[in-house]
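The values are calculated or read from the model by the stated rules, or taken from the named source; none is laboratory data. Just so it is clear, the model here is predicted, and its values are computed rather than measured. Cβ placement follows ideal geometry from the backbone for every residue including glycine, while neighbour counts extend to all protein chains displayed. Quick note on the areas: whole protein, heavy atoms, side chains included, nothing else; ligands and nucleic acids left out. Shrake-Rupley method; radii C 1.70, N 1.55, O 1.52, S 1.80 Å.
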Amino acid sequence: MKLSIQVSLNGLSFCTLNTKSNTIVYYHKKSFDKELDPVNLLQKIEEEYNTQPQLKNPVNEVKLCFCNNLFTLVPKKWFKEEAAASYLKFNTKILKTDFVAVDEIENKEMMNIYIPYTNIINYFFEKYGEFEYSHHLSVLLHKFLSFEDHRGIKVYAHNSNKRLDLFIIEEGQLLLCNSFNFFSKEDYLYYLLFAAEQLDLDPKKFNLYLGGEIHKEDEIYKLLQDYIQHIHFLSSETTYEIEEGWNINKSEEYILLNTL
């Protein structure tokens with residue numbers, strides 16, 4: 001059994017995969033009315049473990065994914081481990097007590113430096129022992145950069161909890177990666193078009209791929225159609241079967257499923 005956990009200050013998601021049958025046998029999602037701090041977030045995690053009996057089942061492997069904007073990307077050739085915290089200071093407010101983690105984006109000569117929540121790492125270590133954790137941008141980057149079709153310019157926009165994760169890739173090379181908090185469909189459109197303008201991209205020519213919490217009836221999608229000509233929806237591309245009784249929106253749980 002493999003357990004995938006997605007943690008953000010806005011909510012939690014859990015998913016258990018039976019690796020022998022390649023079947024998802026448990027799924028649970030919890031959203032919060034407001035953004036919490038890491039201390040209260042841990043309390044919510046403890047509540048889920050107290051109220052969800054399936055989370056007490058033994059698992060062989062645990063993968064934890066932190067979703068936050070506390071990150072920065074650095075080319076591997078310029079990266080120095082002893083200076084990891086210094087890179088973050090340019091675009092993230094960090095404290096001396098913050099723990100800094102690093103994900104290497106495999107085969108792409110890129111390092112994602114980020115701040116996970118140490119109290120939550122410690123909680124899961126006490127519960128499971130050794131486990132893997134990563135940043136959600138690392139999961140998305142690895143996925144988008146591994147697609148076989150690298151022709152032309154592709155823009156990937158992933159939505160989750162009013163956060164837009166935006167990637168622009170040309171011929172398999174990353175041109176832009178950033179996260180924005182948005183509060184309206186107009187905010188979303190502004191960030192997307194502004195990023196395109198900085199790279200001199202024509203909205204009528206590039207392909208936009210949407211993923212996460214967005215669908216064809218969404219007001220954001222309807223607004224985007226007025227400005228961007230080629231819009232597609234990302235499929236989960238996972239081969240997992242889903243056990244009867246678990247209703248999983250594969251697009252919304254794109255990160256959770258690709259963490260497995």
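Some points to look at:
- Residue 30 accessible area, assembled protein chains, probe 1.4 Å, Å²: 80
- Neighbour cut-off at most 15 other Cβ (10 Å), DSSP loop, chymotrypsin sites (Phe, Trp or Tyr not before Pro), region 130-191: 147, 183
- Tail beyond 18 Å, pair distance distribution of region 69-172 (Cα, percent): 56
- Distance between region 61-77 and region 202-257 - C-alpha centres, whole angstrom: 22
- C-alpha long axis of helix 38-51 to longest principal axis of the chain, angle in °: 60
- Straight-line cross-link partners of residue 80 among the lysines, defined as a Cα under 16 Å from its Cα and at least 8 positions apart when in the same chain: 89.
- Whether region 203-260 is rounded, prolate or oblate, judged on the alpha carbon gyration tensor where a/c under 1.5 counts as rounded: prolate
- Eigenvalues of the alpha-carbon gyration tensor of region 155-260, scaled by 5 and square-rooted, set the equivalent ellipsoid semi-axes at 25, 16, 13 angstrom, largest first.
- Value of Rg to Rh for region 39-88 (Rh from inverse mean 1/r over Cα pairs, i.e. Kirkwood): 1.18
- Our summary of shape: the Cα atoms of region 1-40 have principal axis extents of 37, 16, 10 Å, ordered from largest down, in whole angstrom.
- Rolling a 1.4 Å probe over the protein heavy atoms of the chain, with every protein chain left in place, gives an accessible area that is 47 percent carbon and sulfur.
- Cα centroid separation - region 1-46 against region 91-158, whole Å: 17
- By the rule of a C-alpha distance below 20 Å, with chain neighbours fewer than 8 residues away ignored, the aspartates and glutamates paired with residue 162 are 33, 35, 37, 186, 187, 213, 217, 218, 219, 252, 253.
- Percent of Cα-Cα distances greater than 15 Å, calculated over region 33-123: 68
- Shape category assigned to region 104-145 from the gyration tensor of Cα positions, a/c cut at 1.5: prolate
- Accessible area (Å², 1.4 Å probe, nearest 10) - residue 26: 10
- Å² of accessible area per residue within the chain, as computed with a 1.4 Å probe and no ligands counted: 54
- Stokes-Einstein diffusion coefficient of the chain, Kirkwood radius over Cα pairs, 4 °C, 1.567 mPa s, in µm²/s: 67
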